[in-house]
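J.: Got a structure for you, written out below as structure tokens; questions coming shortly.
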Amino acid sequence: MSEPEFVDPELPRVKGLGSAGNDISIRRLQVFWAVSHTGSMTRAAKMLGVSQPSLSQQLAGFEAAIGGRLFDRRAGQMELTELGHSILGRAEQVLRSVQDLEDILPSTPGGGPRRSLRICGAGSVMRTLLPKAMLQLDVPLDHLDFDLQEGAPGEVLEALYARRAHIGLVAAGSLPDAAMSFRQVPLLSDPYVLAVPSRLDLSRCARLADLPDVDQALLGTTLQFVFGTQHSRRVQDWYDRVMPGNRTLARVRNFETMIEMTRAGLGVCIVPALNFAEGGLPVRGLRLYRTGLEERRIVALLLSQHQTTAPFSSMIAALTAAGSKIMLPATEPAPPFIAGPMKM
């Protein structure tokens, strides 16, 4: 079953559908679809950005309007009943139609038609790639209304499912199986680099024991990006192989903070080189070394029907063109004590 294009909470009501009492409303259709998709009242409430009591009230009102139970509640899971299955497809059609209408409405009263473009993605991609892509669009910028959001991979997927984003920009390796319902368009690859304070010259270091004690201590103090269990384990495996006895000083939830902590001399970190591309963070105060880890692959996620529909198709073409021209920072060869490639 294809995923619906989800609508915003404040969309106008469809003529003939009320919002009070036991009437059917767009909001209640949203709630029904979110619970159907997540299988959980808690996750659906988070997806829609509402409280769970409010969501429960909306769902109860929708069930009263339909005249039957839409879900069986089993061990914390919400499973569609036969009635729920029978109306889910029609609910999705209504939500798609309303979103199609909302996307072409003027953004200001009396204004001409403007298309909404909602993009959510990793911070490094949003900062370095998106501005260049916007300059290459073949659609006049005054014909578009941009809504741009940064987020972790899970948040990007949530925004896509909840229809808060048309396009998601993420690393392909960070995607769960649920993301396979979206079309993936490759944009660029960038290597993972070891960032260290600039005073730490590792270019001729064949053995860690050859470094002064203070440098060994610094190199063995790691800053780790909280990205997901699999990613964290692979990074830690790399540290354990290359820097036995290392310790994690901090777990950080964005690359920028981790990089600035490294620049300040608090430790070292592994980050995607794209963070330092033109338009990104400066390399000043740091040295970047190749690691041998498999490169990160950045992709755009979108619904299949958007890939050939303006302005989404124009944005994808512009992102692809910008990705092919991105200038990554100069990096130094892997120090002698770092041997052989590893899979990321």
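J.: Here is a list of conditions, (1) surrounded by fewer than 20 Cβ atoms within 10 Å (Cβ to Cβ); (2) modelled with pLDDT of 85 or more; (3) of a type in the set (A, V, I, L, M), and residue 104 meets all of them except one; can you say which number that is?
T.: Unmet for residue 104, out of (1) surrounded by fewer than 20 Cβ atoms within 10 Å (Cβ to Cβ); (2) modelled with pLDDT of 85 or more; (3) of a type in the set (A, V, I, L, M): (2).
J.: Which one of the conditions (1) within 18 Å of residue 124 (Cβ to Cβ); (2) in contact with a Pro (Cβ under 6 Å, 6 or more places away or on another chain); (3) crowded, with 16+ Cβ neighbours inside 10 Å does residue 326 fail to meet, given that it meets all the rest?
T.: The number of the failed condition is (2).
J.: Follow-up. Going through 266, 188 one at a time, which residue ends up being part of a loop (DSSP other than H, G, I, E, B) and in contact with a Ser or Thr (Cβ under 8 Å, 6 or more places away or on another chain)?
T.: The conditions single out 266.
J.: If you go through the stretch 220-233 one residue at a time, do you hit one that is part of a strand (DSSP E or B), among the aliphatic types (A, V, I, L, M) and surrounded by 21 or more Cβ atoms within 10 Å (Cβ to Cβ)?
T.: Looking for residues that are part of a strand (DSSP E or B), among the aliphatic types (A, V, I, L, M) and surrounded by 21 or more Cβ atoms within 10 Å (Cβ to Cβ), one finds at least one in the stretch 220-233, hence yes.
J.: Then there is this: Go through (1) loosely packed, with under 15 Cβ neighbours inside 10 Å; (2) modelled with pLDDT of 80 or more and name the single condition residue 177 misses.
T.: (2) is the only condition that residue 177 fails.
J.: Given the residues 75, 45, 34, which is the only one that is within 31 Å of the chain's Cα centre (by Cα) and at positive phi?
T.: Every option except 75 fails the conditions.
J.: Is it the case that the stretch 301-308 has a residue that's modelled with pLDDT of 95 or more, of a type in the set (Val, Ile, Thr) and more than 19 Å from residue 196 (Cβ to Cβ)?
T.: no
J.: Of a type in the set (Gly, Ala, Ser), part of a strand (DSSP E or B) and in contact with a helix residue (DSSP H, G or I) (Cβ under 7 Å, 6 or more places away or on another chain), is that true of residue 165?
T.: Judged against the criteria, residue 165 is not a match.
J.: So, in the stretch 28-60, exactly how many residues are at pLDDT below 85 and over 17 Å from residue 71 (Cα atoms)?
T.: Counting residues in the stretch 28-60 that are at pLDDT below 85 and over 17 Å from residue 71 (Cα atoms) gives 5.
The values are calculated or read from the model by the stated rules, or taken from the named source; none is laboratory data. All figures in this text were calculated on a predicted structure; none of them were measured in a lab. FYI the Cβ positions are ideal-geometry reconstructions off the backbone, even for glycines, and counts take in every protein chain you see.
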